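Just so you know, all these numbers are worked out from the coordinates, no wet-lab data involved. Owing to the predicted nature of the structure, the values given are computational and were not obtained by experimental measurement. Positions of Cβ are backbone-derived with ideal geometry, glycine not excepted, and every protein chain shown enters the neighbour counts.
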Amino acid sequence: MASYVDNAPVVVDRAEGRELIDVDGNRYLDAISSLWVITLGHRVPELDAALREQLDLVAHSTLLGNGNRAT
């Protein structure tokens, strides 16, 4: 536990592709985020555009057990 306390935390500034970039510019392979990021990466322009379009409709709702129209 002592070695854990001695380590400074990584402060993430941004992400590109499959990497996290800290405030000092160090890059880390993002192997702990969701399946979305691991398979598709961060900040994919086509996906980001689709997400923004969806946010204009509905940002989030649980609706557990319900569906929606296939698009």
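Okay, residues lined up against (1) assigned to a loop (DSSP other than H, G, I, E, B); (2) in contact (Cβ under 8 Å) with a residue 24 or more places away in the chain; (3) in contact with a Ser or Thr (Cβ under 9 Å, 6 or more places away or on another chain); (4) of a type in the set (Val, Ile, Thr):
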| residue | (1), (2), (3), (4) |
| --- | --- |
| VAL10 | yes, no, no, yes |
| ALA15 | no, yes, yes, no |
| LEU20 | no, no, yes, no |
| ALA49 | no, no, no, no |
| GLN54 | no, no, no, no |
| ALA59 | yes, no, no, no |
| THR62 | yes, no, no, yes |
| ASN66 | yes, no, no, no |
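Restricting attention to segment 13-46 and to residues that are more than 12 Å from the chain's Cα centre (by Cα) and of a type in the set (A, V, I, L, M, F, W, C), the residue that is surrounded by the most Cβ atoms within 10 Å (Cβ to Cβ) turns out to be ILE21. Within segment 33-44, residues that are over 8 Å from ARG18 (Cα atoms) reach partners that are loosely packed, with under 13 Cβ neighbours inside 10 Å with beta carbons closer than 7 Å, at six or more positions or on different chains, in the pairs ARG43/GLU16. In segment 27-47, how many residues are out of contact with any strand residue (DSSP E or B) (no Cβ under 7 Å at 6 or more places or on another chain) and assigned to a loop (DSSP other than H, G, I, E, B)? Summing the residues that are out of contact with any strand residue (DSSP E or B) (no Cβ under 7 Å at 6 or more places or on another chain) and assigned to a loop (DSSP other than H, G, I, E, B) in segment 27-47 gives 5.
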